[in-house]
1. Taking a probe of 1.4 Å and counting only protein heavy atoms, give the total accessible area buried between chains A and B in Å², rounded to the nearest 100.
2. Ignore the peptide's own chain and count Cβ atoms of other chains within 10 Å of each Cβ in A:380-389; give me the average, rounded.
3. Need the full-extension length gain, B:Asp227 to B:Asp191, defined as separation in residues times 0.36 nm minus the C-alpha distance. One decimal, nm.
4. Roughly speaking, to the nearest percent, how much of the protein assembly as shown's 1.4 Å accessible area is carbon and sulfur?
5. Below 8 Å, C-alpha to C-alpha, sequence gap of six or more: please give me the relative contact order for chain A in percent.
6. Using Cα-Cα distances under 8 Å and only pairs 6 or more residues apart, what relative contact order does region B:7-284 have, in percent?
7. Identify which of B:Lys130, B:Lys33, B:Lys56 has the largest mean-square fluctuation in a Gaussian network model of chain B, with springs joining Cα atoms closer than 10 Å.
8. What is the gain in length, in nm to one decimal, between A:Asp458 and A:Asn66 on full extension, counting 0.36 nm per residue of separation less the C-alpha to C-alpha distance?
Amino acid sequence: MPADFNWAVGGEAGDGIDSTGKIFAQALSRAGRHVFTSKDFASRIRGGYTAYKIRTSVDRVQSVVNRLDVLIALTPRTIEENLDELHDGSVIIYDGERTTMEDAPIPEDVVGLDVPLKRLAEEAGGAIMRNVVALGAACAVTDFPIENLDSALEKRFGAKGQKLVENNKDAARKGKAHVEDTDDHEFKYDLETTDNDYVLLNGDEAIGMGAIAAGCRYYAGYPITPATDVMEYLKGRIEGYGGHVVQAEDELSAINMALGAARAGARAMTATSGPGIDLMAETFGLVATTETPLVIANIMRSGPSTGMPTKQEQGDLNAMLHGGHGEIPRFVLAPTTIDECFWKTVEAFNLAEKYQLPVYLTGDLSLAVTEQTFEPDAFDMDEVEIDRGKLVDEENLAEWQNEKGQFQPHALADDGVSPRAVPGTDDGAHMTTGLEHDELGRRTEDTEMRVKQVDKRDRKVETAKQRESWQPREFGDAEADTLILSWGSNEGAMVEAIEMLADDGIDVRFISVPYIFPRPELDDAIDAAEDILVVECNSTGQFADLIEHDALVRVNRINKYNGVRFTADELADRISGALTEAPEVPQ
Amino acid sequence: MSSDVRFTDFKSDKQPTWCPGCGDFGTMNGMMKALANTGNDPDNTFVVAGIGCSGKIGTYMHSYALHGVHGRALPLAAGVKMANPELEVMAAGGDGDGYSIGVGHFIHAVRRNVDMSYIVMDNRIYGLTKGQASPTSREDFETSTTPEGPKQPPVNPLALALSAGATFIAQSFSSDAMRHTEIVQEAVEHDGFGFVNVFSPCVTFNDVDTYDYFRDELVDVGETDHDPTDLEAAQDVILDPEKEYQGVLYQNEQANAYGAEHGLSENMAEIPDGAPEDATDLVREFY
Ligand SMILES: Cc1ncc(C[n+]2csc(CCOP(=O)(O)OP(=O)(O)O)c2C)c(N)n1
Ligand code: SF4
Ligand SMILES: [Mg+2]
């Protein structure tokens, strides 16, 4: 486990918690440290509390843990919320002059650093900078060179003028000086810096960047947490690459606009969350039956219905696999990390065009709003490959015409993949419809043609299963008796949990699955294992059900559905607990 | 190709299965003529059809076309046009498709003002599902699901469009072939969202809104001194409780269409074989 440091800032909504956290995360990243952030947390009391947590190390970090070394507490409640995570030697930075914090409930053994945040901020030019004063104080406590904070402040405020940047730098220095001048504690924290260059981004941004890299030119969406960041990322950027973002009047419109753009030949996408995929379901079937390439990002949150809109859950697996009436060919990809959000987005566009069907790209709240550092070449644009599948032009269109010279958009090709002619292609004019159709794309109720078209669409999926690689990602000890399986965003926490378990003498093999449909063949790994544990953020174990169905085995389930992601230490505890008291599952 | 395009080039070899005498025949003929008269050809035209008897039009016409799900023709058509501004885009559907299940999109399509045309084949009935009340059915129109009539006023689609900021509002009658063609042609030529409500009688399920009724009652604003660029004059004809009108009722040629407003000019279908040249700039932003 890396020598890590855990930091948080907490207060009320409106206290500027997010931007404060982001500035510190940026400073750490610019200092060549790895960072992993979290904004999803359990509220033990009531709404209104908000926090931003950072775990940092010189080594790679991929999870948060239930431990806090330094806490900037703007409210008494921030302290109460985090009592479990504070320890002997933790430091709380607070403003004792703030009326609510006069009697701040600083626990025993924890160092309370009373810094007049507001007063020092006013001296630097405005009370609004009090959180930056606190960041300066945090630099003093952690022996962290304040120049890195300067650099993050420049990035944050540079566009608003040098004066503001200078005031903020001054505010930070006042906080630092106050601690150094008035406090004689020996702090044990020392945030060393490195010369490494990292980029810091979240999953929604990675999806947006992946879309532009993949040649996506059209995005239609309707705002919904936690998918809105994808649209906000693209807006203002995609235009520079010849693309366009449109805010539709609802999700029905969004998916239909995207479908229209895709019919026109553009690489198009929409992103939404659970309530949106429900609304899109009818058109999802239309996309599939008209054989149109489309990428639909579903950034999951707690459901059903409006559920807990800002909380983590992986509850939509069944909806993505089975949503919509009739039998709908589709692919479901589930990137497991933020860098993979980028690569799987590129892959989703290629798969959609190669097999002319809708592709779900799954994220979830913790991937979407988590920022993590990466080496810049984790997003090497030269590695991006574009495959547009069977796109035909005037030259090779004739191959796909019938004896009357009519283009056949749903030709019964051997591999199931018909040709695609985009509007504007001479002699390619054709229709298609959500009704069952013949090779010309015209309605039919001919029983034989119905069967041929269904078989053709199913055949595409079989072709894709053969031609493409649907490999899982593997970690831990390949020889271990215990097999852990999970999908989507649990990977980072689980990878760190492997090391914690190993320290306790428990070896595990971990297979992280980024493809839900088609999905990898896991039979060998399952046969070789004595204990199988499936980790996922939902209550029933939807992925575990798939594994049981595929491999005809019974598995143990580790589920979480309180709205908060797994942390590494928690997963290690739950796995070792499950292994020691593993209830016999009937075979 | 476009110089010698005839309207029959827009006809597919599929024979329509509409009831003999259905208004949709005339409506479709006018659409095909309007497209041909405006210099379009099937390979640069995209027709989006709704669901209903009216929606079958995508099958009977020849062009690039998509027959979608019930009520969603407008956003789909908007997506086509935004992605490739060089295409001529036309959406068509019924009164149920456009003013009931799809009415939310109608309002926003009008506001968005994408350069396309929208032809509603208004027969004041649900034809395909065999004769239930539609949003434009009269208050006392008896149908299987409304034996005493809907007992609520019909929507006035022209007024909806006007209040949503439409830039082109017209009405035509399918059996007045010349005027219908002219009016649809103006909608196609309009630089923005060209909306035409076409009275397209259902001879099977609607015995009130008949050919005779429209022939007798419709006032052609082309034969009056109506000025479509005059908003107040447009309000007067659109909100007139006594009479129904055909012709271009309102037109605002000053407003920018969506594409011009948003700087859309490129065909988005064309992309490089790898990431765009300066895509690495995107990564740099995250330092
Ligand atoms: C979601 C959905 N609901 C209901 C239907 C059934 N349906 C098909 S057409 C139609 C009404 C058609 O009326 P209109 O739009 O006026 O077209 P017309 O047949 O009169 O031309 C209905 C309700 C459907 N296809 N899809
Ligand atoms: S039912 Fe009415 S609308 Fe449908 S085809 Fe027959 S006449 Fe036309
Ligand atoms: Mg109708």
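1. Details: alone 23990 and 14110 Å², together 33180 Å².
Roughly 4900 Å² of accessible surface disappears when A and B pair.
2. For peptide A:380-389, the averaged partner shielding equals 4.
3. Here the segment from B:Asp227 to B:Asp191 would lengthen by 11.1 nm.
4. Details: 14910 of 33180 Å².
Its accessible area is 45 percent carbon and sulfur atoms.
5. That works out to 12 percent.
6. 19
7. Residue with maximal mean-square fluctuation among B:Lys130, B:Lys33, B:Lys56: B:Lys130.
8. 136.5 nm
The values are calculated or read from the model by the stated rules, or taken from the named source; none is laboratory data. For clarity, every value in this text was computed on a predicted model and none was experimentally measured. Note: ideal-geometry Cβ built from the backbone for every residue, glycine included; neighbour counts use all protein chains shown. Quick note on the areas: whole protein, heavy atoms, side chains included, nothing else; ligands and nucleic acids left out. Shrake-Rupley method; radii C 1.70, N 1.55, O 1.52, S 1.80 Å.
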